[in-house]
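The values are calculated or read from the model by the stated rules, or taken from the named source; none is laboratory data. Fair warning: this is a prediction, and the values are worked out from it, not measured in the lab. Reconstructed Cβ throughout: ideal geometry from the backbone, glycine too, with neighbour counts over all protein chains shown. All accessible areas refer to the heavy atoms of the entire protein, side chains included, with ligands and DNA or RNA removed. Shrake-Rupley method; radii C 1.70, N 1.55, O 1.52, S 1.80 Å.
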Amino acid sequence: MKFVIIILLFLPQLIFGQKSRADSLDSGKSVEDSVMYAHLKQRMNKSRIGRKVYGALFRDVYNSNAQKTEISKLETNPFEQYDGKVIGKITIKRLEIFGPSVNDTTRKGNKIEHFASKTFHYNTRERVVRQSLLLFKEGDHLNPQTLKDNERLLRANTIIHDARILVIERKDAAWMVDILILIQDVWSINFDVSASGLNNFVFGVEDRNFQGRGHSFLNKVSWRAEDPYQKFGFRSIYTIPYIGRSFISGQIKAIDERDLTQFAAKINRPFLTAETRNAGSFELGYIKIREYKRLIINKIDSSLVYQVGSFYSDIWYGHSFIIDALNRNKRVILAVRRSSFDHTKRPEVRADTNKIYWNRTTWLGSIGYSNRNYRRDILVYGFGRTEDVPVGNLFSLTFGTENTEFGNRNYAGIQFAKGKYLPKNQGYFYVLANAGSYLKQKEIQQGTIGLQSFYFSKLMKLGKSHGRQFVNLGFTYGLNRDALDYLNISGSDGILGVNSEGLRGDKRLTLGFESVLFSHKSIIGFRVAYFAFANFGMVSLKGNSLIDSKLYQGYGIGFRLRNENLTINTFQIRLGYYPNIPDISSVFRFAFDGSQPLRLRDFDISAPSIVPLR
């Protein structure tokens, strides 16, 4: 339904045949464009500021060898040469969401795009950018790392499509520079509509930049007249991303749906950058979840449906210490956390059964080392926007105690992660290894050993298109887990495109391959990526050997559509073949669904946590 709405919005463009904009990833440009931009360059070169702006905005768009050159330069810090200079005037230029881009501000959208940008969208207010989204202000001494981090944070914001920070030298004062900030929003209004009739429908509206304030407001209602559990449902969530210059976000939510009821309030301040000294959060609420589980009873695999409800609180605080004045990305972080769960509904619990449903208060502390940086790249999970790929490593130790209705027990955990671009431009590799367990009277309880690795290849040029290869490897081993405490390798956790309770267990080994071709073509502003995948997985229940389990398989092809200027999900059409997956109706499965763009894991150390079983 979302796709239909967007098509209707741009239908006049198809009917009247407006000329499409040049693709910034397409190296082939028309002679007319080349002449036009040569004239533009000649005019702008008459002033020093014009030369500076032209060089920053156009070198990666109309140079036939520009893409390869620009990608190789993306990881450099362009602000180093201005280190220590005083920041004079800060100018914020907010671009229309359709038409121009931060790489080419002279582009003009057609009449429909201009009308939609001006009529149905509030650009982020300049006051919001200055007071809540900038790490620096007029009069500060320019810190190259701060500007680089700020540019990354602007791009990471869900309301912003892309951003650039440019430094403009002053002719009359060599010790002072001006700052030009280019910001392009995404289309902030998102609809969620589905229906099979008046007795079964869902309608939702989300504005991720409410009145240009940067606030997100989601409201959704559902009606299922024949549902035996709950007919009417609603969801309302209001989020303030940053409160003033504190970089503290706030959220309140009220949800009452078929499988989830939650009323909660939360404030949060993460370690946004390596320079962030203090972080923490506080959340208070009530949550009730309807669980759908499988359990072997008298040698029969039986289905169970039950609700788990609890009042909960969660608070943590962390402090970062500099350990190397010459490399401020290296930090030691100390953190402490307290969480509690008081259940109002749950299945039967005993001293040796269903420990995940115990009433409990947990105190955790952690000490960790983090070395985090970022390298800019394109066409990883995005469809052309600038992406900040984390590089670095972390190591942390977690320890604590838990007070439960069945006595106290201790916890200990360890985590190591590393991510880097491989030598000779051979791609990117990430690995995460962790282990943790509760300990009571020298007995391991609810333990987990995990290994996750990820690789993507260098960007390969294939004609006018580009391709990458992706590989995922995952291993999890549960130690003394209860019967209802298991993982599942369905979907994104292993075998893409299926959902089967036959793929559950307390240990797993999964391997996934995906080949993606990012086409230079677009459909009414939606970029296209074709993909093929192969997934393999082994999983086994407690008491059974993982090596002896069946090798489950999934293969498929499909394509994804995304317009980076819109907040709506990536549309995905997929055809899969699953020769040996249990509890599915057919070995062939066709799907049309949406998904949010993925993000690579960072190397910040946040709240001390229990190693999950997944």
Fill in the blank from the handout: In whole percent, the fraction of accessible protein surface over the range 144-242 that belongs to carbon or sulfur atoms, probe radius 1.4 Å, stands at 58 percent
Practice task
Give the accessible area for E501 in Å² (nearest 10); use a 1.4 Å probe, count only protein heavy atoms, and leave out ligands, DNA and RNA.
Solution key: 50 Å²
Problem - Where Y428, Y242 fall by accessible area, highest first, once all protein chains stay in place (1.4 Å) - result: Y242, Y428
Practice task
Convert each backbone phi in the range 162-174 into a coupling constant with the Karplus relation 6.51 cos²θ - 1.76 cosθ + 1.60 (shift: θ = phi - 60°), then list the ³J(HN,Hα) values in order as whole Hz, x for Gly and Pro.
Solution key: 7, 8, 9, 10, 10, 9, 10, 6, 9, 6, 8, 8, 5
Completion exercise
Check: C-alpha center the range 334-352 vs C-alpha center the range 368-411, spacing in Å is 23 Å
Handout entry: the range 421-559 shape via C-alpha gyration tensor axes, a/c threshold 1.5
Key = prolate
Handout entry: Alpha carbon centroid spacing (whole Å) that separates the range 127-151 from the range 250-307
Key = 34 Å
Fill in the blank from the handout: On the formula 1/(1 + (r/R0)^6), with r taken between the Cβ atoms of I547 and F282 and R0 of 60 Å, the FRET efficiency rounded to 0.05 is 0.85
Problem - Integer Hz, Karplus 6.51/-1.76/1.60 couplings in order for the range 132-139, x for Gly and Pro - result: 10, 10, 9, 8, 9, 8, 4, x
Completion exercise
Hydrodynamic calc, the range 483-614: Kirkwood Rh from Cα pairs, then Stokes-Einstein at 25 °C with viscosity 0.890 mPa s, so D in µm² s⁻¹ is 147 µm²/s
Completion exercise
Expressed in square angstrom to the nearest 10, the accessible area of Y286 with a 1.4 Å probe stands at 50 Å²
Completion exercise
At the level of C-alpha centres, the distance separating the range 196-237 and the range 506-530, in angstrom, is 29 Å
Problem - Contact order relative to length of the range 264-385, as percent, for alpha carbon pairs under 8 angstrom and 6 or more apart - result: 20 percent
Fill in the blank from the handout: Between I160 and residues 5 or more places away or on another chain, the pairs with built amide H atoms under 5 Å apart involve V186
Handout entry: For the range 404-413, 3J(HN,Hα) per residue [Karplus equation, 6.51 cos²θ - 1.76 cosθ + 1.60, θ = phi - 60°, Hz, x = Gly/Pro]
Key = 10, 5, 10, x, 8, 8, 9, 9, 9, x
Fill in the blank from the handout: Quick note, the range 467-506: a/c under 1.5 would make it rounded; otherwise a/b > b/c is prolate and the rest oblate (a ≥ b ≥ c, C-alpha gyration tensor); here it is oblate
Exercise for the section: Give me the distance in nm between label points sitting 7 Å out from Cα along the Cα-to-Cβ direction at N403 and A225, one decimal. Expected result: 5.3 nm
Fill in the blank from the handout: Any residue on another chain or 5+ positions along whose placed amide H is under 5 Å from the amide H of T398 is listed here as G413, I414
Exercise for the section: Once you have a ≥ b ≥ c as the square roots of the Cα gyration tensor eigenvalues for the range 221-344, tell me rounded if a/c is under 1.5, and otherwise prolate or oblate according to whether a/b is larger than b/c. Expected result: prolate
Exercise for the section: Please express the shape of the range 99-227 as an equivalent ellipsoid: the semi-axes are the square roots of 5 times the eigenvalues of the C-alpha gyration tensor, given largest first in whole angstrom. Expected result: 40, 17, 11
Handout entry: Length-normalised contact order of the range 247-319 in % [C-alpha pairs under 8 Å, at least 6 apart]
Key = 27 percent
Handout entry: Simple Cβ-charge dipole of the range 380-478, Lys/Arg +1 and Asp/Glu -1, about Cα centre, in debye nearest 20
Key = 640 debye
Exercise for the section: Compute, for Y229, the solvent-accessible surface of its heavy atoms (probe 1.4 Å) with the complete set of protein chains present, and express it in square angstrom to the nearest 10. Expected result: 100 Å²
Exercise for the section: Determine the share of the range 377-421's accessible area contributed by carbon and sulfur atoms, expressed in whole percent, with a 1.4 angstrom probe. Expected result: 59 percent
Handout entry: Heavy-atom surface of the range 269-427, accessible at 1.4 Å and reported per residue (Å²)
Key = 48 Å²
Practice task
Distance check, please: which entries in K299/K550; K85/K148; K299/K355; K420/K542; K288/K355 exceed 27 angstrom between their Cα atoms?
Solution key: K420/K542
